[in-house]
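Here is the structure we will look at.
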Amino acid sequence: MNRTVTAADTTADVAPSPCGTPCGMPGGDPGRVRCEAAYEAPSEASVGTGLPDAAGLLEAMPRQRNPTAPATTTVSPPPATPVAASTPAAPAAARRPRPWRLLPTPTGTPFTFGYVALLAVTSLITAYADPAVVHTLHQASSTDVAHLVRWPMVVLPASALWIAGGLLSPYATGLLLALTALERRIGGVRTAGVFLLGHVLATLATEGAVGLAVLAGHLPDSSLHRLDYGVSFGVATCVGALAGLLTPWLRRPLLAAFGGMVVLDLIAFTDPMTNWGHLISLGIGVATWPVTRRARRAHPATTAG
């Protein structure tokens, strides 16, 4: 029996569809029988909430927003660059003991190296020159009260050119080690400044006490011409300054050993003026800790030499 098509039926059947062919008409896509429902206007809920409009999409059909867009490809991050095997070994190499750094070098510690070379020359003069010549040189460089009153700017640096006891004395070894370690941490100019500070202040303090004792009548006038030269005051100051730059487990033994030696010499009372000068010098070095610690932070690490 032939089907009768009414006007209402025709309107419903020939409604346009996204497929391009009227749904329900001959030639229409039978697989898109529900395209009319999918083509409805977006609902008020989707517009108000800002959700993506699902109008014009077919159910159960994935990737309909931009079917012509190429498929996105997940790009994996590049593989991490393998760390060289030598990288962790660099800090370990820096922590290895390097005993040769205890000695001065021309590039690493130029001030200490040059000063030790100069002291070696004066020590050879003391050992092999005529005794009368050596005595004259020592007397001209002495920082006794009489010379300090007349030529302080000459005898104060000149007295630091001689080592009492020669290169084999304990203070010669102390100078070599203390000045080298201090210069590697704060530089040559600052090390020279610390050495001269202790040498000058301790000399003025001890010789000033001698002058006052002579004026008070407690010491004879001959004490004004007592020979006074050597590097021990500067060495003691550098040891005290160096202790402030070391870790506590090195600082305490160093101060205990050196300070104990100075105190024992003072108790023995064999040379009170010099022994008091050593104790004063050590205290001056400890007093420089705030300055030397700031100087160490400002001084670049020395790797050469």
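Computed from phi, the 3J(HN,Hα) profile of the range 248-265 under the Karplus parametrisation 6.51, -1.76, 1.60 (θ = phi - 60°) reads x, 6, 9, 5, 5, x, 5, 5, 5, 5, 5, x, x, 5, 5, 5, 5, 5 Hz, with x in place of Gly and Pro.
Expected output is a single nm value to one decimal: the length gained when fully extending between THR270 and THR105, i.e. 0.36 nm times separation in residues minus the C-alpha distance. What is it? Let's see the in-between values first.
On the way: separation 165, 0.36 × 165 = 59.40 nm, distance 3.66 nm.
Extending this stretch completely gives an extra 55.7 nm.
For the pair LEU215 and TRP289, the difference between a 0.36 nm per residue extended length and the Cα-Cα distance amounts to 23.0 nm.
The slack in the chain from LEU254 to ALA192, taken as 0.36 nm per residue of separation less the alpha-carbon distance, amounts to 20.2 nm.
Laboratory data are not the source of any read-out in this text; all were calculated from the coordinates shown. Remember, predicted model here, so these are calculated numbers, not experimental data.
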